[in-house]
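Report on one structure; see the data block that follows.
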Amino acid sequence: MLIIVLLRNRDLGTKSMRGSFLRSTFLLSLSFFYAISAFGAESYHVTDEVKIYMHRGPSNQYKIKARVNSGTPLTLLARNNETKYVQVRTDKGVQGWIDGRYLKVGKSVKARLPEVEKELIASKKIQVEQASKIETLTAELQRVNQLRKGELGKINDSRAKSTAQLAQLENQIVRLQAEIDGMDDKNLMGWFLHGGAVAIIGIILGLMIPKLPKRRRRTDEWL
């Protein structure tokens with residue numbers, strides 16, 4: 001009876017260990033999957049300066065598996081912190097290890113060239129459109145400047161005419177004021193001469209009247 005119990009306990013322990021091992025394996029695989037997904041979130045490529053070799057393991061001690069040209073797009077799978085090698089996969093499905101120093105983030109110059117050409121074409125198109133707009137705006141600005149100069153010329157001419165008319169009116173006012181002043185002087189002199197003449201005539205009459213012969217009284221009487 002004791003032997004049967006021990007065997008049952010051993011079977012239960014074996015099953016428990018097997019379950020723990022399966023769970024650990026599943027979690028490890030899941031972690032590895034998420035790690036690969038995280039690495040794959042960014043695009044990588046071989047540096048544009050050199051060609052490198054892909055090895056079967058995480059160092060140059062392993063056999064060469066393939067040669068990778070510069071600018072080749074890669075997918076990062078894993079990293080080895082000791083040797084600084086990284087596990088990558090090409091677009092053709094070739095998988096291996098390369099020196100991490102030659103792995104660059106993003107697209108290579110060769111891969112970005114079509115995009116750059118499209119951007120260049122779009123930029124040239126924008127430049128042409130902007131040049132056309134600038135030409136149109138320049139022509140409009142010149143037209144407005146011509147109109148402004150014409151209006152300023154008219155204003156200046158009108159101002160000059162107004163200034164001339166004002167000067168003419170001022171001259172007329174000065175002349176009329178001089179005439180008025182002259183007329184006042186003439187009137188004053190006339191009145192002065194008239195008064196003087198009257199005074200002289202009065203004096204003469206005053207001197208002459210006493211010397212006039214007196215009229216005789218008539219002595220004839222009525223009968």
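The values are calculated or read from the model by the stated rules, or taken from the named source; none is laboratory data. Nothing here was measured: the structure is a model prediction, and the numbers come from that model. Glycine gets a Cβ as well: all are built from the backbone with ideal geometry, and neighbour counts include every protein chain shown.
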### Task
Determine if region 117-137 includes at least one residue that is in a loop (DSSP other than H, G, I, E, B) and out of contact with any Cys (no Cβ under 8 Å at 6 or more places or on another chain).
no
### Task
Go over the candidates Gln95, Gln142 one by one and state the one that is polar (S, T, N, Q) and within 22 Å of Tyr62 (Cα to Cα).
Gln95
### Task
Return a yes/no flag: does region 106-114 have any residue that is surrounded by fewer than 10 Cβ atoms within 10 Å (Cβ to Cβ) and assigned by TED's automatic domain parsing to the domain that holds Gln61.
no
### Message
If I ask for residues that are buried (at least 19 other Cβ atoms within 10 Å of the Cβ), touching a residue at least 40 places away in the same chain (Cβ under 8 Å) and at negative phi, which ones from region 53-76 would you list?
### Response
Met54, His55
